[in-house]
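The values are calculated or read from the model by the stated rules, or taken from the named source; none is laboratory data. As the structure is a computational prediction, the values presented were derived from the model and not from experiment. All Cβ positions, glycine included, derive from the backbone under ideal geometry; neighbour counts span all protein chains shown. Just the protein is used for accessible areas: all its heavy atoms, side chains included, with ligands, DNA and RNA removed. Shrake-Rupley method; radii C 1.70, N 1.55, O 1.52, S 1.80 Å.
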Amino acid sequence: MRLTYPTSVKIVRVPCTGKVDVQHMLRAMEKGADGIYIVGCKEGECHYKYGNLRARRRVEQVQKILNAVGMQSERVQMYNLSSSDAPLFVKYAEEMNDRIKKLGPNPIKARAKSKDQQAA
Amino acid sequence: MIVADKKPVEEIIEYVKDSSKILVLGCNECVTVCEAGGKKEVGVLASALRMYFANQGKDATVDERTLERQCDHEYLEEIRDIADQYEAIVSIACGVGIQFTAEKYHSIPVYPGVNTRFLGVTEQRGLWTERCQACGTCILAYTGGICPVSRCAKRILNGPCGGSTKGSCEINKEVPCAWQLIIDRLKAIDRLDLYEKLFPIKDWSTDRAGGPRKVEREDVKI
Ligand code: SF4
Ligand code: SF4
């Protein structure tokens, strides 16, 4: 199966979605990511039992924080699939890509960039 | 430990929205364990504040620091050299740490980033419950190691009251009746004789009603 997904999606591999912390997601948003989505195994099928459930909770926490600071919380999402389900992986990538396109770029991206340049 | 709970980010924003150089200050002790004010929570709050300011188009610096404790001079001194740069400090230590920071850095506004709740235990991850109200005259020796001051809604010393039902307190079925727990435990350690005795009037002068308290120990003073 040779499927393609939107090139805007950059993959960060982790051993389990339970490894992804609130801080990681916030830092990415702070640095200008337009959106983040976590793709975990199906609920109930986590190799480490609760990794994907923890990830979901953390995504919810990040959404709450984004709302609190006046940014669109839809930029951060949680998805689940079985690891062999490539078509669904593509579907999620497209869905997320469309969502972000509708929302437009991360409002603090320009600032994050100029700060990075100052630091460099 | 002292159990605290995070304040909503919105509330903290209200405190600091007009400042442009802010220090978020955590504590490595109790509030780290109850996941409200440790290094990680400092990172999360600081990140949230930075995003808020960036989204408002405002140039503000939000720095992060976590001290070993905020309730001891020596650790609080660690920020002596940098404290003056800040227009505001958000402390996410317990109320004790927040106040001690404010006392030490007299001219800088110090805001609370948590609500300090009680002295309690981690029953399970994400669930903390109260065990002690620091009444100053501990009676656990007579109550099977279960505290009626903090765990009985009426703080009664010769319980249970008439509302105790099937092990639950009358205020809420979810709350175990402290006196039921006391009786069960006295039975388990074969000390029901303690329950037979009427409890004398407790000395409450050591409780909060006597005003702010202090412990002074000549033997350890330098
Ligand atoms: S009797 Fe007083 S000191 Fe002892 S556990 Fe209860 S509140 Fe705390
Ligand atoms: S039911 Fe038990 S815990 Fe509740 S108020 Fe009465 S004695 Fe105290």
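Quick notes on this one:
- For the stretch B:97-125, the candidate set comprises residues that are in contact (Cβ under 8 Å) with a residue 60 or more places away in the chain and small (Gly, Ala, Ser); within that set, the residue that is nearest to B:Ala188 (Cα to Cα) is B:Gly120.
- Checking the stated criteria, A:Val69 turns out not to satisfy the condition of being open to solvent by 40 Å² or more (accessible area, probe 1.4 Å), more than 12 Å from the chain's Cα centre (by Cα) and not acidic (Asp, Glu).
- Number of residues in the stretch A:102-116 that are in a helix (DSSP H, G or I) and open to solvent by less than 20 Å² (accessible area, probe 1.4 Å) equals 1.
- Cβ-Cβ under 9 Å pairs, at least 6 apart or on other chains, the stretch B:185-203 side basic (Lys, Arg), far side loosely packed, with under 12 Cβ neighbours inside 10 Å: B:Lys202/B:Thr137
- A:Arg75 vs. criteria closer than 26 Å to B:Lys6 by Cβ, of a type outside the set (S, T, N, Q) and open to solvent by 90 Å² or more (accessible area, probe 1.4 Å): no
- If you check B:Ser107, B:Ser91 for being surrounded by fewer than 16 Cβ atoms within 10 Å (Cβ to Cβ) and small (Gly, Ala, Ser), only one passes: B:Ser107.
- Taking the stretch B:151-170 as the range and being open to solvent by 30 Å² or more (accessible area, probe 1.4 Å) and more than 23 Å from the chain's Cα centre (by Cα) as the test, the residues that pass are B:Ile156, B:Asn158, B:Pro160, B:Cys161, B:Gly162, B:Ser164, B:Thr165, B:Lys166, B:Glu170.
This table checks each residue for (1) touching a strand residue (DSSP E or B) at 6+ places or on another chain (Cβ under 7 Å); (2) part of a helix (DSSP H, G or I); (3) β-branched (Val, Ile, Thr); (4) closer than 22 Å to B:Gly136 by Cα.
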position: B:Ile183; (1), (2), (3), (4): no, yes, yes, no
position: B:Ile201; (1), (2), (3), (4): no, no, yes, yes
position: B:Ser205; (1), (2), (3), (4): no, yes, no, yes
position: B:Pro212; (1), (2), (3), (4): no, no, no, yes
position: B:Arg217; (1), (2), (3), (4): no, no, no, yes
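- Candidate set from the stretch B:110-139 (those that are within 16 Å of ligand 2 (Cβ to nearest atom) and outside any strand (DSSP E or B)); member that is most open to solvent (accessible area, probe 1.4 Å): B:Gln133
- Selection within the stretch A:21-57 - within 14 Å of chain B (Cβ to nearest Cβ) and open to solvent by 40 Å² or more (accessible area, probe 1.4 Å): A:Gln23, A:His24, A:Arg27, A:Lys31, A:Asp34, A:Lys49, A:Tyr50, A:Leu53, A:Arg54, A:Arg57
- B:Tyr142 being buried (at least 19 other Cβ atoms within 10 Å of the Cβ) and over 23 Å from the mean Cα position of the chain (by Cα): no
- Screening B:Cys138 against (1) under 20 Å from B:Pro8 (Cβ atoms); (2) without any contact (Cβ under 8 Å) to a residue 60 or more places away in the chain leaves a single unmet condition, (1).
- Residue list for the stretch B:171-182, filter: more than 8 Å from ligand 2 (Cβ to nearest atom) and open to solvent by less than 20 Å² (accessible area, probe 1.4 Å): B:Ile182
- Of the residues making up the stretch B:94-104, those that are surrounded by fewer than 20 Cβ atoms within 10 Å (Cβ to Cβ) and in a loop (DSSP other than H, G, I, E, B) number 0.
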